[in-house]
Amino acid sequence: MTKVTLTVNGRSLSGEAEGRTLLSSFLREELGLTGTHVGCDTSQCGACVVHVDGLAVKSCTVLAQDVDGASVTTIEGMANADGSLATIQQAFQDHHGLQCGFCTPGMVMSAAALLKDNPKPTEAEVRHHLEGNICRCTGYHNIVKAVMAASGQDVSGVGIAAE
Amino acid sequence: MYNFDFVKPASVADAVAALAGEEAQPLSGGMTLLPSMKQRLNAPATLVSLTGIDALKGVCREGNMLVIGAATPHAVVAKEAAADYPALAALAGQIGDPMVRNRGTIGGSLANNDPSACYPSATLASGATIVTNTREIAADDFFQGMFSTALHEGEIITAVKFPIPEKAAYAKFMQPASRFALTGAFVAKYADGVRVAITGASEGGVFRWSEGEAALSSNFSAEALNGLSASADGMIGDLHGTPDYRAHLVGVMTRRAVAAAH
Ligand SMILES: Cc1cc2nc3c(=O)[nH]c(=O)nc-3n(C[C@H](O)[C@H](O)[C@H](O)COP(=O)(O)OP(=O)(O)OC[C@H]3O[C@@H](n4cnc5c(N)ncnc54)[C@H](O)[C@@H]3O)c2cc1C
Ligand code: FES
Ligand code: FES
């Protein structure tokens, strides 16, 4: 076991990791942050997306020891300081961008990464960006709507071109 | 996944030294290696991370060459190669998804030589040079069939040098579930001729389509390929496409790449 220290959502946290400990397991089991979900554990679904030093990654395919010292943002770090939902999270609620909610942490983290680089994405850009995030429930249109709404754009036409 | 020792050296020399140990293997982005270890297809005793070695990262122009560090992630190539070699940047920007592009690296992709991977096509079509800790290997000698390369045990790729073409493009017929290439064609036009490399199609991995190259070297237009078709012998057949289908795609994707080349 080796000690790994991360700055998670602004707080310095440490825990023990084996060579094989994945960042997803480290966050969930060692640090108790279970908002990061593990859907496939095969790098396909994106439920496990977190930001490492500002970049979105699939935490099921990153070794905890490989990112020792990094700054990590998880879904637990997304809400506003007063506990209210962040704009993206609120948009998912308003636009019914989730049903069971299992994929939602990864969707929100992926969407946040997109909006940081591209504050007003087109619908096509949102769909392209979310290629690595799989949702078994909602059928994507409402997720895309939520991301467009979070960027302050009109969403009345979203999904029409795609249908 | 079986457990292993993890080391993260800061220099190429230290990485090479660590790789001399029993059953040690380099880890770059981990986007291929870690899933294969989870499936227990691979069980190294030591993983030597290359992600802490600054000398292996970055994109830089040297005369008419674009030199890319082996541990440079796809997302960085997509951005930083855009001005000098736009077709290569576009290829990098179509690999997998944004999270895969933030971790996966060019060195890992070339060392792995997946028969459906994107980078081997650009590397072979550009006549690039693969630089390792001990030597330089021409792309024509580097790829030695599916998942097989000229790399020796413990040898690591440090950089890839791409001669910048006059015109080039990559056309990828995406396999929608894996997002790899069902068949992809990279076409690059140089002063002394045109090179065409095909990925995703052959049982032998990436290959140069010589008939296509000859036709395009005398007339660089999609029409020059009319009447030419690749043979289905040795093409991959699986539930996504028959050998005939892939052979047909060789022509189609090469035409599309020529039409898109700039
Ligand atoms: C969901 C998903 C979609 C993908 N889609 C595509 C796609 O569309 N097109 C595509 O081309 N690829 C795709 N990939 C693969 C991706 O590009 C990988 O990043 C790449 O194949 C391997 O690079 P890596 O840096 O992750 O290597 P790793 O997984 O770390 O290593 C791969 C192999 O290379 C060896 N290695 C790594 N670096 C070096 C080095 N410098 N010298 C010598 N050996 C080395 C390792 O030991 C290992 O055997 C996808 C992957 C995933 C998970
Ligand atoms: S759990 Fe990481 S991609 Fe599915
Ligand atoms: S809301 Fe259920 S998986 Fe997306």
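The values are calculated or read from the model by the stated rules, or taken from the named source; none is laboratory data. Predicted, not measured: the structure shown is a model, and the values here were computed from it. Virtual Cβ from ideal backbone geometry, glycine too; neighbours counted across all protein chains shown. When the accessible area is computed, the model is the full protein with side chains, heavy atoms only, and any ligands, DNA or RNA have been set aside. Shrake-Rupley method; radii C 1.70, N 1.55, O 1.52, S 1.80 Å.
At-a-glance table
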quantity: Leading residue by the ranking (most open to solvent (accessible area, probe 1.4 Å)) among those in the stretch B:138-150 that are of a type in the set (A, V, I, L, M) and touching a Ser or Thr at 6+ places or on another chain (Cβ under 7 Å); calculated: B:ALA138
quantity: Selection within the stretch B:184-207 - crowded, with 22+ Cβ neighbours inside 10 Å, part of a loop (DSSP other than H, G, I, E, B) and of a type in the set (A, V, I, L, M); calculated: B:ALA201, B:VAL206
quantity: Residue among A:THR36, A:THR61 that alone is under 23 Å from A:THR138 (Cα atoms), outside the structural domain of A:CYS137 (by TED's automatic domain parsing) and within 16 Å of ligand 2 (Cβ to nearest atom); calculated: A:THR36
quantity: Test for B:VAL59: is it away from ligand 1 (no atom under 13 Å from the Cβ), surrounded by 19 or more Cβ atoms within 10 Å (Cβ to Cβ) and modelled with pLDDT of 95 or more; calculated: yes
quantity: Of all residues making up the stretch A:25-40, the number that are more than 15 Å from ligand 3 (Cβ to nearest atom), within 13 Å of chain B (Cβ to nearest Cβ) and surrounded by fewer than 24 Cβ atoms within 10 Å (Cβ to Cβ); calculated: 1
quantity: The stretch B:1-44, subset without any contact (Cβ under 8 Å) to a residue 24 or more places away in the chain and within 13 Å of ligand 1 (Cβ to nearest atom), residue nearest to the other protein chains (Cβ to nearest Cβ); calculated: B:PRO35
quantity: Residue match in the stretch A:97-106 (condition: without any contact (Cβ under 8 Å) to a residue 12 or more places away in the chain, assigned to a loop (DSSP other than H, G, I, E, B) and more than 16 Å from ligand 3 (Cβ to nearest atom)); calculated: no
quantity: Selection from the stretch A:113-139 of residues that are touching a strand residue (DSSP E or B) at 6+ places or on another chain (Cβ under 9 Å), within 16 Å of ligand 3 (Cβ to nearest atom) and under 19 Å from A:VAL155 (Cβ atoms); calculated: A:ASN133
quantity: Filter result for A:LEU85 (closer than 20 Å to A:ILE143 by Cα, touching a residue at least 24 places away in the same chain (Cβ under 8 Å) and over 12 Å from the mean Cα position of the chain (by Cα)); calculated: no
quantity: Number of the exception - B:MET99 against (1) out of contact with any Gly (no Cβ under 8 Å at 6 or more places or on another chain); (2) at pLDDT 95 or above; (3) closer than 30 Å to B:GLN175 by Cα; calculated: (1)
quantity: Which listed residue is more than 7 Å from chain B (Cβ to nearest Cβ) and either open to solvent by less than 30 Å² (accessible area, probe 1.4 Å) or among the hydrophobic types (A, V, I, L, M, F, W, C) (or both), from A:VAL62, A:VAL72, A:VAL57; calculated: A:VAL72
quantity: Selection from the stretch B:111-130 of residues that are free of Cβ contacts under 8 Å to residues at least 60 places away in the same chain and surrounded by fewer than 24 Cβ atoms within 10 Å (Cβ to Cβ); calculated: B:THR129
quantity: Leading residue by the ranking (nearest to the other protein chains (Cβ to nearest Cβ)) among those in the stretch A:1-24 that are among the small types (Gly, Ala, Ser) and touching a helix residue (DSSP H, G or I) at 6+ places or on another chain (Cβ under 8 Å); calculated: A:GLY19
quantity: Failed item, numbered, when B:THR134 is tested on (1) part of a loop (DSSP other than H, G, I, E, B); (2) over 18 Å from B:VAL12 (Cβ atoms); calculated: (2)
quantity: Whichever residue in the stretch B:24-52 is over 19 Å from the mean Cα position of the chain (by Cα) and crowded, with 23+ Cβ neighbours inside 10 Å and, among such residues, is nearest to ligand 3 (Cβ to nearest atom); calculated: B:LEU47
quantity: Unmet requirement for B:GLY127, which otherwise passes all of (1) within 14 Å of chain A (Cβ to nearest Cβ); (2) under 27 Å from B:SER210 (Cα atoms); calculated: (1)
quantity: Hey, B:GLY104 facing chain A (nearest Cβ under 9 Å), farther than 19 Å from B:ASN133 by Cα, small (Gly, Ala, Ser) and open to solvent by less than 30 Å² (accessible area, probe 1.4 Å) or not; calculated: no
quantity: Number of the condition not met by A:HIS141 [criteria: (1) of a type outside the set (Val, Ile, Thr); (2) closer than 30 Å to A:GLU16 by Cβ; (3) open to solvent by 40 Å² or more (accessible area, probe 1.4 Å)]; calculated: (2)
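Matching residues to (1) open to solvent by 40 Å² or more (accessible area, probe 1.4 Å); (2) within 16 Å of ligand 2 (Cβ to nearest atom); (3) closer than 22 Å to B:GLN94 by Cα:
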{"residue": "A:HIS96", "(1), (2), (3)": "yes, no, no"}
{"residue": "A:THR104", "(1), (2), (3)": "no, yes, no"}
{"residue": "A:MET107", "(1), (2), (3)": "no, yes, yes"}
{"residue": "A:ARG136", "(1), (2), (3)": "yes, yes, no"}
{"residue": "A:ALA150", "(1), (2), (3)": "no, no, no"}
{"residue": "A:SER156", "(1), (2), (3)": "yes, no, no"}
